[in-house]
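Presented below is the structure to which this report refers.
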Amino acid sequence: MRIFSGMQPSGDLHLGNYLGALRQWVASQNPDAFYCVVDLHALTLPIEPATLARQRTELFATFLASGLDPEVSTIFFQSDVAYHAQLNWLLECVASFGELGRMTAFKEKAERGEGYRVGLFTYPVLMAGDILLYETEEVPVGDDQRQHLELCRDLAQRFNHRYGETFRVPRAVVPPVAARVMDLQEPTRKMSKSLSSPLGSIFIVDPPEAIARKVARAVTDTDGEVRPDWEHKPGLTNLLEIFASFEGSSVEAVAERYTRYGDLKRDLSELVVSSLAPIRERYAELLAAPEHLADLAARGAAAASEVAGPVYERAARAMGLG
Ligand code: TYM
């Protein structure tokens, strides 16, 4: 199965990234799968060069620490494969201004300040190119990327219609639970790298004490009944989803076993700590050997280029270039 997905190196990975995306990637990896540190995307918001340089390496290490295996699938940096930026331009000349203006992720981020970068606006086109370059069938992502995937499909179909059959039309694959992990302090808002309150996000590399504190302080409600209900009990339901996702069960199955919030939180905290501990250890080991990471990334980029090159050439020729 041809799979592609990507993640931005814009900060530490949180439980949403892990449960919504990375864990699905690990489960679905195969010789035909491509997982990408989309470092070009991280330039759409202000970021110090030194910070980006550090974070992209850390994200690559987190991929491996979580179980992505470079012997099985292709793991690489977006900026190492120039076809991403090249196809982006071709697709910008297929996308319309109006459809990009409807992207909710853009509207949310643009609301935060005047003078946002043009790249923030055109970013979904770069993302569409990422996916289309690999003749992708499935894109495992969290719920917040659905709209971007729809745009990607629209662009692929429009291109094929206008210039002849060129791209495979991909589909999003969203996990059954934890597709939208919410902020622990404000459970009506999704857990996010950039917007969360200090206690709102659990990061993969958080030490056990921090995880325990964040779970214990997570906002719930006063009704005292353990049952899933997104409308009236978003905080508790979020905890049930996180629990079910780590455990590989359903929210109902978890809820049935508990009558007290305190017991649920205590067990959840233990489950999260024990699930993340091995990742945190491997992460530290991997970061201690940066040359090894660089070597793996170079091999990944070479393998990715072999697939992306011919697809890019085909698209360019279809438009009358080359
Ligand atoms: P990014 O880097 O914001 O997030 C990476 C992945 O994590 C998922 N995710 C969540 N899932 C559940 N709950 C949450 N609170 C949560 N927050 C984030 C995202 O859905 C995503 O799957 N545009 C993408 C990066 C990208 C990409 C691509 C993805 C660029 N090119 C090509 C797939 C294919 C993004 O900003 O994800």
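The values are calculated or read from the model by the stated rules, or taken from the named source; none is laboratory data. Everything quoted here is computed from the prediction, not taken from an experiment. Backbone-built Cβ (ideal geometry, glycine too); neighbour counts: all protein chains shown. Note: areas computed on protein heavy atoms with side chains; ligands, DNA, RNA excluded. Shrake-Rupley method; radii C 1.70, N 1.55, O 1.52, S 1.80 Å.
Summary of values
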read-out	value
Segment 81-120 and segment 47-61: distance between their alpha carbon centers, rounded to Å	22
Rg/Rg_ref, segment 178-288, where Rg_ref = 2.2 N^0.38 Å and atoms are Cα	1.05
Potential extension, Ala284-Leu100 segment - 0.36 nm per residue separation minus Cα distance	62.3 nm
Exceeding the 26 Å Cα-Cα cut-off - candidates Lys193/Lys233; Lys107/Lys265; Lys190/Lys214	Lys107/Lys265
Largest-first ordering by accessible area, 1.4 Å probe, given options Met1, Met319	Met1, Met319
Three-way shape label, segment 114-206, alpha-carbon gyration tensor, a/c 1.5	prolate
Net dipole in debye of the chain [+1 Lys, Arg Cβ; -1 Asp, Glu Cβ; about Cα centre; nearest 20]	520
Total charge dipole magnitude, segment 178-288, about the Cα centre, Cβ charges on Lys, Arg, Asp, Glu only, Debye to nearest 20	340
Stretchable slack from His292 to Ser274, in nm (0.36 nm times residue separation minus alpha-carbon distance)	3.8 nm
Cα lying deepest toward the dipole's positive end in segment 178-288, options Ala255, Pro187, Gly200, charges on Cβ	Gly200
GluC sites (Glu not before Pro) within segment 166-239, DSSP loop, no more than 15 other Cβ atoms inside 10 Å	Glu225, Glu231
Cα-based Rg of the chain normalised by 2.2 N^0.38 Å, two decimals	1.02
Residue-normalised accessible area of segment 115-206, given per residue in Å² at a 1.4 Å probe	41
P(r) histogram, all alpha-carbon pairs of segment 1-133 included - 5 Å bins from 0, percent	2, 10, 19, 20, 22, 16, 9, 3, 0
Intensity falloff of segment 93-248 expressed as log10 I(q)/I(0), Debye formula with alpha-carbon point scatterers, at q = 0.17, 0.18, 0.19 Å⁻¹	-1.06, -1.11, -1.17
Longest segment of the chain lacking trypsin sites (Lys or Arg not before Pro) that sit in a DSSP loop with at most 14 other Cβ atoms within 10 Å	1-101
Crossing angle, helix 208-217 versus the chain [Cα axis fit, 0-90 degrees, rounded to tens]	70
Separation between Cα centres of segment 261-322 and segment 162-235, rounded to whole Å	20
Top positive-direction residue, dipole computed over the chain with Cβ charges, set Thr44, Gly115, Val174	Gly115
Accessible surface of segment 178-288 [probe 1.4 Å, protein heavy atoms]: carbon and sulfur percent	52
